[in-house]
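S.K.: Below you'll find the structure I mean.
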Amino acid sequence: MQIPKSDWHLMPEQAQVMVDKILQIEVFRELAKREINLTGGEPSQNPHIVEIFKIFRKLTPNVRIHTNLDISSATSPRWQRLVEIMKLSGRVDFTLYPTVWESRQKALLKEILELQDELIVNMIFEKVPDLLSQIGILIAFFEERDKKYESVLSLLGAYRTKLESLLRENPECDEGAFLKHMEGSENYICTDNFTFGLNMIPGFYVDEKGERAMNAQPFPRDINFLECTIPRGTIEIVTVQQTGEITPCCDVGNLKCKPKFGNLLNDSPGEIMSQIEVSREKIVSGALKNHQNINSGKAGEWVEEGIPPYCV
Ligand code: SF4
C-alpha cells in the first residue's frame, strides 16, 4: 500500500508506520515508553500534528511538543493545535527567544500555564550575561503569577544570585570558573502542583571544517566534549527524522553520529537491529580513538568511523 507523503511535513500514516515498527523493536519500544519529543522544524506548523500526537501517545503517555512559541495570536491555527494537544494532556515546552518574548511568547505562556502543570524552558545563550538576562525575563514573568509558582521563583532566584556573583567576581570567567561556581545549582523542580525545568543550551560553535555543534548540556568540559552512552552499553536517546532515518543521539544542532540505525519507515525490524549492532561497534571504536586523540594532543581530529571528534 502506498503511504501518503508530504514534501515538508510528517503525515499521520507515516507516524503510524513508525509506531508499528517501534513496537516490534524491543530497544526502541522500551526507550519510547519513557518519553517522545516531537520537535521540528516547528511541530505546530504541521497541520496534522494533533493526529500525529495521538498516534505517538499509543507508545507512552509522555509525548512532548517543543515549540518556538513564535506565534502571532491566539487565533492562529498553530496555537489552536497546541491548545488541543495540551487539552489531551500533552506537554508543550518552549524555547525562550528574548526578541519575541514581549510581542508573542509572553501572552501565550500565560495561556499554557492555564492548561498544564509542567514546563521545560529551553534557553539558548552565547555568554553568561545572555543567560542572566533570560533568567531575569522568567523571574519577572513568574513574579506576576500566583503562589503556585513560589518554588519556581526560588529556583530562578537562586540561579540568578549565583550568576550575578560569578559575573561580579569574575566578569571574563572561562568555562572552568563557570562550572566550579555553578556546581550544584538546581535547574529542575517538582512540587505537588508544578514541575519546572530549565534546559540551558550554549550557542552554536562552528569549527574550522564548518561543522556545527550544539551540546544540550550546560557548559560541557570542552566545547564539543560529550560522553556517549553507547560505548557504555546504553542507548538513551535516538532521533527519528521524518524521512524515517534513525540517528543515535540527539539531532539538535546537527550533533549527530554518522553511523546510522537504519530507516524506521523502510527497513524491517531485523534490518534495523543489525544496523544498530554495526553502528554500535563503530561508535565504540570511534570513541576509543577520540580518547586517544584527546590524550595525545590531537583533540578534534576526525576518525574514520564518522563520529564527532569529542564524543568519548
Ligand atoms: S558518538 Fe556522539 S553523536 Fe554519536 S551517539 Fe554518541 S554522543 Fe551521540
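The values are calculated or read from the model by the stated rules, or taken from the named source; none is laboratory data. Computed from a prediction, not measured in an experiment: that's the story for all the values here. Note: ideal-geometry Cβ built from the backbone for every residue, glycine included; neighbour counts use all protein chains shown.
S.K.: Looking only at the stretch 294-310, which residues are at pLDDT 85 or above, closer than 20 Å to Thr229 by Cβ and either in contact with a Phe, Trp or Tyr (Cβ under 7 Å, 6 or more places away or on another chain) or not β-branched (Val, Ile, Thr) (or both)?
M.R.: Glu305, Gly306
S.K.: Pairs only if they're at least six apart or on different chains, beta carbon under 6 angstrom, first in the stretch 226-239 and more than 22 Å from Leu264 (Cα to Cα), second near the ligand (Cβ under 7 Å from one of its atoms); list them, first residue then second.
M.R.: Within 6 Å, the pairs are Leu226/Cys311; Cys228/Ala287; Cys228/Cys311; Pro231/Ala287.
S.K.: Name the one entry in Thr234, Thr247 that is within 16 Å of the ligand (Cβ to nearest atom), surrounded by 18 or more Cβ atoms within 10 Å (Cβ to Cβ), among the hydroxyl-bearing types (Ser, Thr, Tyr) and at pLDDT 55 or above.
M.R.: Selected residue: Thr247, the only one of Thr234, Thr247 that is within 16 Å of the ligand (Cβ to nearest atom), surrounded by 18 or more Cβ atoms within 10 Å (Cβ to Cβ), among the hydroxyl-bearing types (Ser, Thr, Tyr) and at pLDDT 55 or above.
S.K.: OK, next. With Leu167, Leu82, Leu131 as the choices, which residue is at pLDDT below 95, in contact with a strand residue (DSSP E or B) (Cβ under 8 Å, 6 or more places away or on another chain) and in a helix (DSSP H, G or I)?
M.R.: Checking each option against the conditions leaves just Leu131.
S.K.: Another question, if that's okay. Out of Arg29, Arg57, Arg34, report the one residue that is in contact (Cβ under 8 Å) with a residue 24 or more places away in the chain, touching a helix residue (DSSP H, G or I) at 6+ places or on another chain (Cβ under 8 Å) and surrounded by fewer than 20 Cβ atoms within 10 Å (Cβ to Cβ). Spell out the reasoning first.
M.R.: Values: Arg57 fails: touching a helix residue (DSSP H, G or I) at 6+ places or on another chain (Cβ under 8 Å); Arg34 fails: touching a helix residue (DSSP H, G or I) at 6+ places or on another chain (Cβ under 8 Å).
Of Arg29, Arg57, Arg34, the one residue that is in contact (Cβ under 8 Å) with a residue 24 or more places away in the chain, touching a helix residue (DSSP H, G or I) at 6+ places or on another chain (Cβ under 8 Å) and surrounded by fewer than 20 Cβ atoms within 10 Å (Cβ to Cβ) is Arg29.
S.K.: Any residue in the stretch 144-168 that's farther than 18 Å from Gln134 by Cβ: show its pairings with residues that are of a type in the set (Ser, Thr, Tyr) and surrounded by 13 or more Cβ atoms within 10 Å (Cβ to Cβ) at Cβ separation under 9 Å, as long as the two are six or more apart or on different chains.
M.R.: Sorted first by the residue in the stretch 144-168, then by its partner, the pairs are Lys148/Thr191; Glu150/Thr191; Ser151/Thr191.
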